[in-house]
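Structure, as structure tokens:
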Amino acid sequence: MIDTIVFQDKKAVYYTLGCKLNFAETSTIGKTLKEAGVRTARKGEIADICVINTCSVTEMADKKCRQVIHRLAKENPGAFIVVTGCYAQLKPDQVADIEGVDLVLGAEQKGDLMNYLGNLEKLGHGKAVTTELKDIRKFSPSCSRGDRTRYFLKVQDGCDYFCSYCTIPFARGRSRNGKIADLVEQARLVAAEGGKEIVLTGVNIGDFGKTTGETFFDLIKALDEVEGIERYRISSIEPNLLTDEIIEFVSKSRRFMPHFHIPLQSGCDEVLKLMRRRYDTALFAHKIVKVKKLMPDAFIGVDVIVGTRGETPEYFEKAYKFIEGLDVTQLHVFSYSERPGTQALKIDYTVSPEDKHKRSQRLLALSDEKTKAFYARHIGQEAVVLMEHSKPGTPMHGFTDNYIRVELEHDDSLDNRLIKVRMGEFNEDGTALKGTIL
């Protein structure tokens with residue numbers, strides 16, 4: 001039995017790096033601490049507990065994690081510092097040795113934070129509690145509200161793919177998931193709280209069902225029946241797992257939005273083989289054509305990695321031309337970062353930092369061109385926008401079903417409401433279309 005008296009009147013700060021899944025898990029950790037009497041520290045207050053949920057997708061992410069730990073330790077002298085997340089699982093001893101760190105929790109332990117806090121006594125050294133990769137089996141549920149309006153429902157964790165450049169399977173463990181019945185109940189609770197939009201998150205969500213014998217298609221069909229939820233968005237789904245039946249279902253669904261995020265990583269088949277991806281450009285192109293045939297106005301975001309080992313100038317040009325020809329909306333461009341223990345390190349050909357930067361800039365410019373063209377096609381059209389909270393005196397923003405950002409004048413009464421608008425010209429910084437309420 002945890003002595004909750006220890007936590008009365010305690011204050012905590014939370015810092016999350018990385019993906020939406022991390023943000024959802026941090027929110028759940030915060031909810032657990034709140035139930036034990038811990039409140040979030042206000043600006044200027046010194047916290048008693050610091051929780052840092054880390055990322056390790058790149059070397060820069062590792063560096064940023066260390067910087068955040070040092071900064072929070074300095075800003076909150078005497079605080080009990082807990083570090084979890086991917087960096088903590090991959091390098092627990094290294095993290096535990098960082099000055100100020102008291103507790104390091106791995107992937108299997110992060111959902112049970114309360115069991116490891118003790119009486120918050122600082123011992124002068126960090127303690128690491130992790131589970132070996134092969135023994136990570138636990139699925140820690142998480143459904144949390146973001147800073148704005150939408151909720152994030154964690155449906156799956158871990159990955160069995162072991163792409164040559166990626167450490168996520170080593171940080172998150174094998175693919176596992178919650179039960180559909182439990183996830184449907186969580187969606188019902190969101191509806192009861194007044195939530196209208198849920199984003200389905202995970203590491204490899206299309207692989208849903210490994211631990212329960214169910215499928216991702218079964219899941220979205222069940223969630224589609226939950227009354228009160230107006231919108232679902234599928235976060236990132238592998239192209240080989242985005243089946244035609246899923247695309248067809250979304251095209252007919254009232255609740256699943258015409259919005260897809262599909263990782264490509266490279267538009268060159270030779271590089272895809274080096275990456276150990278499970279599809280080729282022909283399959284990827286088929287998925288885009290299928291989506292656009294059934295949902296011409298669908299928003300499609302695409303992940304691309306530049307400068308991976310083996311990506312010669314010729315291979316990059318091949319990839320660029322392929323991506324240029326895709327009817328997609330936005331590119332999320334990442335520069336390849338070498339990660340210890342990955343198979344990609346066995347590939348001889350390397351790309352210089354200067355060339356990585358040049359390739360990244362070219363793709364970002366292409367992305368900007370595609371996004372602006374997509375937005376421009378919708379000027380003058382009517383749409384329903386779910387408005388998000390904003391600070392008084394600043395414009396309010398919200399998104400259409402197909403993820404176009406719309407700007408309206410500030411009005412608190414619009415928060416978390418679905419508003420019918422006519423979309424006008426771009427706003428001043430070109431990040432949204434100005435809306436007129438109908």
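The values are calculated or read from the model by the stated rules, or taken from the named source; none is laboratory data. Worth saying up front: this structure is predicted, and the values here are computed from it rather than measured. Positions of Cβ are generated from backbone atoms using ideal geometry, with glycine treated the same way; all protein chains shown enter the neighbour counts.
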> Is one or more of the residues making up the range 84-91 more than 25 Å from the chain's Cα centre (by Cα) and surrounded by 16 or more Cβ atoms within 10 Å (Cβ to Cβ)?
Replying inline: no
> For residues in the range 37-64 being in contact with a Cys (Cβ under 7 Å, 6 or more places away or on another chain) and not β-branched (Val, Ile, Thr), which is farthest from VAL104 (Cα to Cα)?
Replying inline: ALA61
>> Taking the condition of being over 21 Å from the mean Cα position of the chain (by Cα), of a type in the set (Asp, Glu) and exposed (fewer than 15 other Cβ atoms within 10 Å of the Cβ), how many residues in the range 25-72 meet it?
In response: 2
>> Among the residues of the range 126-140, are any under 17 Å from VAL68 (Cα atoms) and out of contact with any Phe, Trp or Tyr (no Cβ under 7 Å at 6 or more places or on another chain)?
In response: yes
>> Of the conditions (1) under 22 Å from LYS11 (Cβ atoms); (2) in contact with a His (Cβ under 9 Å, 6 or more places away or on another chain); (3) surrounded by 15 or more Cβ atoms within 10 Å (Cβ to Cβ), LEU105 satisfies every one except a single condition; which number is it?
In response: (2)
>> Tell me whether the range 319-338 contains one or more residues that are surrounded by fewer than 18 Cβ atoms within 10 Å (Cβ to Cβ), aromatic (Phe, Trp, Tyr) and farther than 13 Å from VAL304 by Cα.
In response: no
> What do you reckon, is LEU113 in contact with a Leu (Cβ under 9 Å, 6 or more places away or on another chain), at negative phi and outside any loop (DSSP other than H, G, I, E, B)?
Replying inline: yes
>> Out of GLY393, GLY341, I need the residue that is over 21 Å from ALA61 (Cβ atoms) and of a type outside the set (Phe, Trp, Tyr). Which one?
In response: GLY393
>> Residues that are of a type in the set (Asp, Glu) and surrounded by fewer than 23 Cβ atoms within 10 Å (Cβ to Cβ), at least 2 per element: which helices (runs of 4 or more DSSP H) completely within the range 147-240 meet that?
In response: 180-192
> Does LEU117 satisfy the condition of being under 20 Å from PHE23 (Cβ atoms), of a type outside the set (S, T, N, Q), crowded, with 16+ Cβ neighbours inside 10 Å and touching a helix residue (DSSP H, G or I) at 6+ places or on another chain (Cβ under 9 Å)?
Replying inline: no
>> I want to confirm something. Restricting to the range 348-364 and keeping residues that are touching a residue at least 24 places away in the same chain (Cβ under 8 Å) and of a type in the set (Asp, Glu), which single residue is nearest to LEU264 (Cα to Cα)?
In response: ASP355
> Which pairs have Cβ atoms under 8 Å, sit 6 or more apart or on different chains, and link a residue in the range 48-72 that is outside the structural domain of VAL83 (by TED's automatic domain parsing) to one that is assigned to a helix (DSSP H, G or I)?
Replying inline: none
> Looking at (1) in a helix (DSSP H, G or I); (2) in the same structural domain as ALA12 (by TED's automatic domain parsing); (3) surrounded by fewer than 21 Cβ atoms within 10 Å (Cβ to Cβ), can you tell me which one GLY124 breaks?
Replying inline: (1)
> Yes or no: GLU270 over 17 Å from HIS332 (Cα atoms), free of Cβ contacts under 8 Å to residues at least 40 places away in the same chain and of a type in the set (Asp, Glu)?
Replying inline: no
> Cβ-Cβ below 9 Å, separation at least six or inter-chain, first residue in the range 14-31 and over 17 Å from ASP48 (Cα atoms), second among the acidic types (Asp, Glu): which pairs?
Replying inline: THR16/GLU25; LEU21/ASP157; PHE23/ASP147
>> Let me spell it out: the conditions are (1) surrounded by fewer than 17 Cβ atoms within 10 Å (Cβ to Cβ); (2) over 20 Å from ARG276 (Cβ atoms), and THR312 meets all of them except one. Which number is the exception?
In response: (2)
>> Quick check on this structure: which one of GLY178, GLY213 is farther than 30 Å from THR342 by Cβ and free of Cβ contacts under 8 Å to residues at least 40 places away in the same chain?
In response: GLY213
> List, please: which pairs have Cβ atoms under 7 Å, are six or more places apart or on different chains, and start with a residue in the range 128-139 that is touching a residue at least 24 places away in the same chain (Cβ under 8 Å) and end with one that is hydrophobic (A, V, I, L, M, F, W, C) and in a loop (DSSP other than H, G, I, E, B)?
Replying inline: ILE136/ALA107
>> Looking at (1) without any contact (Cβ under 8 Å) to a residue 60 or more places away in the chain; (2) surrounded by fewer than 19 Cβ atoms within 10 Å (Cβ to Cβ); (3) out of contact with any Asp or Glu (no Cβ under 8 Å at 6 or more places or on another chain), which one does LYS11 not meet, given that it meets all the others?
In response: (3)
> Taking the range 74-83, which residues are crowded, with 16+ Cβ neighbours inside 10 Å and either assigned to a loop (DSSP other than H, G, I, E, B) or over 26 Å from the mean Cα position of the chain (by Cα) (or both)?
Replying inline: ASN76, ALA79, PHE80
>> part of a strand (DSSP E or B) and either over 24 Å from the mean Cα position of the chain (by Cα) or assigned by TED's automatic domain parsing to the domain that holds ALA171 (or both): which single residue out of ARG359, ARG422, ARG339 fits that description?
In response: ARG422
> If only one of LYS20, LYS11, LYS91 is farther than 28 Å from LEU133 by Cβ and among the charged types (D, E, K, R), which one is it?
Replying inline: LYS11
> Do you know which of the residues in the range 358-396 that are polar (S, T, N, Q) and within 18 Å of ASP297 (Cβ to Cβ) is surrounded by the fewest Cβ atoms within 10 Å (Cβ to Cβ)?
Replying inline: GLN381
